[in-house]
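A.B. asks: To start, I am sharing the structure in question, which I have written as C-alpha cells.
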Amino acid sequence: MIYVHVPFCRSFCTYCGFYSEVAPKCRSNERSQEGQIEAYLSALESEIRARRHEIDRVFASGGVNTLYIGGGTPSILPVSAFERLVAALGRPEYREFTVEVNPEDIVEKGVDYVRALKDFGVNRISMGVQSFDEGILRFMNRRHSADQARQAYRIIEDAGIENISIDLIFGLPQLSDGLWRETITQALNISSKGVAPRHISAYQLSVEPGSMLEKLMTKGRFEEAPEQQCARQYEILCKELSRAGYHHYEISNFAQPGCEALHNSAYWRHVPYVGLGPGAHSFMLRPSDEAISALSEDSLLFVRQWNKEDIRGYVEAAQYGDFTAVMDGEVLDGGQIVMEKVMLGMRTSAGLPEDVLRGCCAAGAVDMALASGDLVYNREGNLRIPQSRFFVSDRIVSNLI
C-alpha cells in the first residue's frame, strides 16, 4: 500500500483540515505554479529513492497492492506528473490505483486527461461532489457547480473508468432532511448511462482544527447542526443507500457489492503502508534493531511515521536526499495497538473475531455490549456494531476499551 499526498489546492474549502498550499490558477501565476509543482515532483522522486527499502518491505510483507493519490487536489497536476510518479515507484501495475479529483479540473481538462490517467494504470477515481445545492456549494467554498459535478462524472465514464466513488457531506445547519434526500437521489442518478456510482462516501460536517469553519465558529459566525438533525440525516442515508443495494461496509462508506475500496479497507485492518509527500503518514512493522534498542530484539515494532506539513522544508530536504529533518514518528506500545485495533475494526461491518475483541476489551465489556444490543454477530460470526448504532460508535467503543 502506498499513499501519495499532493499538497496543492486552487482554494480552501471551509471544512477542510488536510494540509495543502494554495496553487492559484491565473495567468500571472502560471510560471510560479509550474515551478512549485516541479519542485514538489522532484522532491517526491527523491523521497521514493530514499525510502525504497520501506516501499519494497511493505509489498514483500504481503500487503495490499494499492496506490492512492490524494490531497489536496491531485487533479491539479498535469498528466506528465502522474507519468513521473508511476515511473519513480517502478511497479508495473496495481490491483487498485485511485486518484482523487475535483469536478472543475475534469471539466476543464476533458476526457483525454482521464484517458491518460487510465493509460498510466488508474482504475478508480474518487471525486468530491459534496452537494448538488448551489448555496451549500458556495458556503463550502467549492469551486464547482452541481452541473459541473454531473458533467465531470460523465466525462470520467466516457473515458472508460467504471469504478467511480463520490463524496457527499451531511449535517450542515442549512441542510434540511428533504434537501438531503434529494441530494442522495441526485447522487444515485448522476450517471448518463443509468448506472449508479459503485461507491459513495458520506461524511458528517465537522469543525476541523485550522479550517476556515473553525475560524467562523470562533467569531460566532457559524453554529453546528443539532445532533438530532445529524443522526436523522445519517439514518436517511443508511436507509436510502440500503434500498439502492449498497453494502454499508464502514461507518462512512457504501459500495455496490464487490466494489469496496481495497486501499481504505486495508487501513481499517491495520495493514502496513508507506505515505509519501509532505503531510503524509506511514504505518509499518520494523524489526526492533531498526528502531529502539531498549525493546526486545526479537520483536516487531509497530511504527507510525509522518512527514511534517511543510512543503518548503520537504523540498529543501530532498536536495540532500535526507528527509529525517522533516519526519517524525512514534513506536506504538501494546495498549495503543489494542485501542486502534478495536477502534478501526468496530468501524466496519466485518467487525472483529470474538476472541480477539474479548482479548482487547475490559472484562465484562463485551457481554454488556451484547446484552444491550451495542454489539451483534455478523454472518461470519464476528462481533460488530449494528448499522442502526454506527452513529453512536464512539460511545460504544469507549465503553469497550
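A.B. asks: Can you work out the Karplus-derived ³J(HN,Hα) for every residue in region 182-193? Use 6.51 cos²θ - 1.76 cosθ + 1.60 with θ = phi - 60°, whole Hz, and x for glycine or proline.
C.D. replies: 5, 4, 5, 4, 5, 4, 5, 10, 6, 6, 7, 9
A.B. asks: What FRET efficiency would be calculated for the residue pair Glu93, Ala231, taking the C-beta separation as r and a Förster radius of 51 Å, to the nearest 0.05?
C.D. replies: Efficiency, rounded to the nearest 0.05: 0.75.
A.B. asks: Let me ask another. For Lys308, enumerate residues with amide H under 5 Å from its amide H, sequence gap 5+ or separate chain, H modeled in the peptide plane.
C.D. replies: The answer is Gly279, Met327, Asp328.
A.B. asks: Over the chain, with the other protein chains present, what is the accessible area per residue in square angstrom, probe 1.4 angstrom?
C.D. replies: Per-residue value: 46 Å².
A.B. asks: Shifting gears a bit: With a Förster radius of 25 Å, plug the Cβ-Cβ distance of Ile337 and Ser61 into 1/(1 + (r/R0)^6) and report the FRET value to the nearest 0.05.
C.D. replies: Computed FRET efficiency for Ile337 and Ser61 comes out at 0.90.
A.B. asks: Right, next: Report the one residue of Pro197, Ser176, Phe222 whose Cα lies farthest in the direction of the positive end of the charge dipole of region 176-229 (charges on C-beta: Lys and Arg +1, Asp and Glu -1; origin at the Cα centre).
C.D. replies: Value computed over the given set: Pro197.
A.B. asks: Can I ask one more? Between (i) 21.6, 65; (ii) 19.9, 61; (iii) 30.6, 97, which entry matches Rg and Dmax of the Cα atoms in Å as derived from the coordinates of this structure?
C.D. replies: Checking each listed value against the structure points to (i).
A.B. asks: Collect residues whose amide H, placed 1.01 Å from N in the peptide plane, falls under 5 Å from the amide H of Gln130; neighbours closer than 5 in sequence don't count.
C.D. replies: Asp167, Leu168, Ile169
A.B. asks: Among Cys16, Cys238, Cys361, determine the one that fluctuates most according to a GNM of the chain built with springs between C-alpha atoms less than 10 Å apart.
C.D. replies: Cys361
A.B. asks: Could you let me know the centre-to-centre spacing of region 179-257 and region 341-355, using Cα atoms, in angstrom?
C.D. replies: If you average the Cα positions of each part, the centres end up 23 Å apart.
A.B. asks: Using the Kirkwood radius over C-alpha pairs as Rh, can you work out the diffusion coefficient of region 302-401 via Stokes-Einstein at 10 °C, viscosity 1.306 mPa s, in µm² per second?
C.D. replies: Stokes-Einstein gives a translational diffusion coefficient of 101 µm²/s.
A.B. asks: Roughly how many nanometres apart are two label points built 7 Å out from the Cα toward the Cβ at Leu216 and Asp177?
C.D. replies: Those two pseudo-labels are separated by 2.4 nm.
A.B. asks: Which lysines have a Cα lying under 28 Å from the Cα of Lys193, excluding residues fewer than 8 positions away in the same chain?
C.D. replies: Within reach: Lys109, Lys118, Lys239.
A.B. asks: When ranked by the protection proxy of mean other Cβ atoms within 10 Å per residue, highest first, what sequence do the peptides 170-181, 195-206 form?
C.D. replies: Ranked from most to least packed, the peptides come out as 195-206, 170-181.
A.B. asks: Oh, and also: With a 1.4 Å probe and every protein chain kept in, tell me what percent of the accessible surface of the chain is carbon plus sulfur.
C.D. replies: The computed percentage sits at 49.
A.B. asks: Based on DSSP H runs of at least 4 residues, each adding -39500 (n - 2.57), what is the mean residue ellipticity at 222 nm of the chain after dividing by all its residues, to the nearest 500 deg cm²/dmol?
C.D. replies: For the chain, the value works out to -12500 deg cm²/dmol.
A.B. asks: Quick one: Cα centre-to-centre distance for region 102-174 and region 360-391, in angstrom?
C.D. replies: After rounding, the separation between the Cα centres reads 37 Å.
A.B. asks: Now, a different point. Please list the non-local residues whose amide H lies under 5 Å from the amide H of Glu260, H modeled 1.01 Å from N, same-chain partners needing a gap of 5 or more.
C.D. replies: Those qualifying (amide H under 5 Å, at least 5 residues apart or on another chain) number zero.
A.B. asks: Report the label-to-label distance for Ser206 and Lys193 in nanometres (one decimal), using points 7 Å from each Cα along the Cα→Cβ vector.
C.D. replies: 3.4
A.B. asks: Then there is this: With +1 on each Lys and Arg Cβ and -1 on each Asp and Glu Cβ, how big is the dipole of the chain about its Cα centre, in debye rounded to the nearest 20?
C.D. replies: My answer is approximately 780 debye.
A.B. asks: Under a Cβ-only charge scheme (Lys and Arg +1, Asp and Glu -1), can you give me the dipole magnitude of region 38-135 about the Cα centre, in debye to the nearest 20?
C.D. replies: 580
A.B. asks: Tell me, what is the FRET efficiency for Ala363 and His281 to the nearest 0.05, using R0 = 30 angstrom and their Cβ-Cβ distance as r?
C.D. replies: 0.35
A.B. asks: OK, next. Cα atoms only: what Rg and Dmax, in Å, come out for region 83-204?
C.D. replies: Using the Cα atoms of region 83-204, the pair Rg, Dmax is 15.2, 49 Å.
A.B. asks: For region 31-76, count the residues as N, evaluate 2.2 N^0.38 Å, and divide the Cα radius of gyration by that value, please.
C.D. replies: Compactness ratio reported: 1.46.
The values are calculated or read from the model by the stated rules, or taken from the named source; none is laboratory data. These figures come from a predicted structure and were not determined experimentally. Counting neighbours? That spans all protein chains shown, and the Cβs are built from the backbone with ideal geometry, glycine included. Ligands, DNA and RNA are excluded from the accessible area calculation, which covers all protein heavy atoms including side chains. Shrake-Rupley method; radii C 1.70, N 1.55, O 1.52, S 1.80 Å.
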